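Worksheet for the structure shown next.
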Amino acid sequence: MSIHMHLRAVAESEIRDDHTWLAAFMWKAWENHPDEYAAGIAQSIDKVWGSVHDLCAAADVLDADADDSWALPVYGGRSVACSADADPSNPPLGILEPPGVSQAAGFLARVPFDELWDVAGAKLVWAGWDEEEVRQEFLGHHRGLQGFYGRAAAAGHAVVRAVWA
C-alpha cells in the first residue's frame with residue numbers, strides 16, 4: 001500500500017478554506033505531481049513523514065530555548081475540518097499560512113541535518129536496515145523540504161498538506 005503526505009505551495013489568496021474545495025484542488029495537484037514537483041511547488045514524503053517530523057523534533061533537544069519552528073515542516077498549520085456532508089474518503093488536509101512557511105524555511109535553513117541526525121538518527125534506523133542508506137533517505141527528505149519551503153517562503157506562499165492513501 002502506498003501512502004504519501006503531499007505538500008503544495010500556493011498563493012494564500014487562491015485558497016478557499018473549504019475541505020471539499022481543497023480536496024479537489026489537492027487531488028488535481030496530485031495528478032500533476034511530477035510537473036509540479038519539477039516546478040518546485042510540490043513536495044511529498046512517502047510513509048515516513050512521521051519519522052521526518054521526529055528528525056525535525058531533535059532540534060528541541062539541541063536548543064531547549066529555541067522556538068517550536070521544528071514542528072512546522074511536516075505537521076505545521078491548522079487542520080481544515082470536513083463538513084458533515086463531505087465525502088468520507090477525502091484526505092486529511094491542513095494549511096500553513098505564509099508566516100509559518102517562512103518560519104519552517106528558516107528552521108530548515110538554520111539547523112544542520114547532521115546535528116539533527118546525531119540526536120535522532122539511532123531511533124530512525126529500522127532493524128535490519130543499513131544505517132547509511134536510511135541516513136541518505138532522511139537527508140533527501142530534509143533537502144527536499146529545505147528547497148520546497150525556501151521557494152514557498154520566497155514567493156510568499158502558503159502550503160497546503162494532504163495525506164493520500
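Here are some notes:
- Gained length - Ile3 relative to Arg78, 0.36 nm times residue gap less alpha-carbon distance: 24.9 nm
- Extension gain (nm, one decimal) between Glu97 and Ala165, 0.36 nm per residue minus Cα-Cα: 22.0 nm
- Distance from segment 128-149 to segment 104-122 (C-alpha centre basis), Å: 11 Å
- Using the Cα coordinates of segment 4-164, the gyration tensor eigenvalues translate into equivalent-ellipsoid semi-axes of 27, 17, 15 Å, sorted from longest to shortest.
- Point-to-point label distance, Glu115-Asp60, nm (Cα→Cβ direction, 7 Å offset): 1.7 nm
- Order of Arg135, Arg161 - criterion: other Cβ atoms within 10 Å of each residue's Cβ, fewest first: Arg135, Arg161
- With helices as the sole contributors, the chain gives -17000 deg cm²/dmol at 222 nm; each DSSP H run of n ≥ 4 counts as -39500 (n - 2.57), and the sum is divided by every residue.
- Angle in degrees between helix 131-155 and the longest Cα principal axis of the chain, rounded to the nearest 10: 50 degrees
- Estimated from the Cβ-Cβ distance and a Förster radius of 35 angstrom, the FRET efficiency linking Ala127 and Ala39 is about 0.40.
- Cα-centred dipole magnitude for the chain, charges only on beta-carbon of K, R (+1) and D, E (-1), debye, nearest 20: 360 debye
Read-outs: derived from the displayed coordinates by stated rules, not from any lab. Predicted model, so just to flag it, every value in this text is computed and none were measured. Cβ: placed from backbone, ideal geometry, glycine included. Neighbour counts: every protein chain shown.
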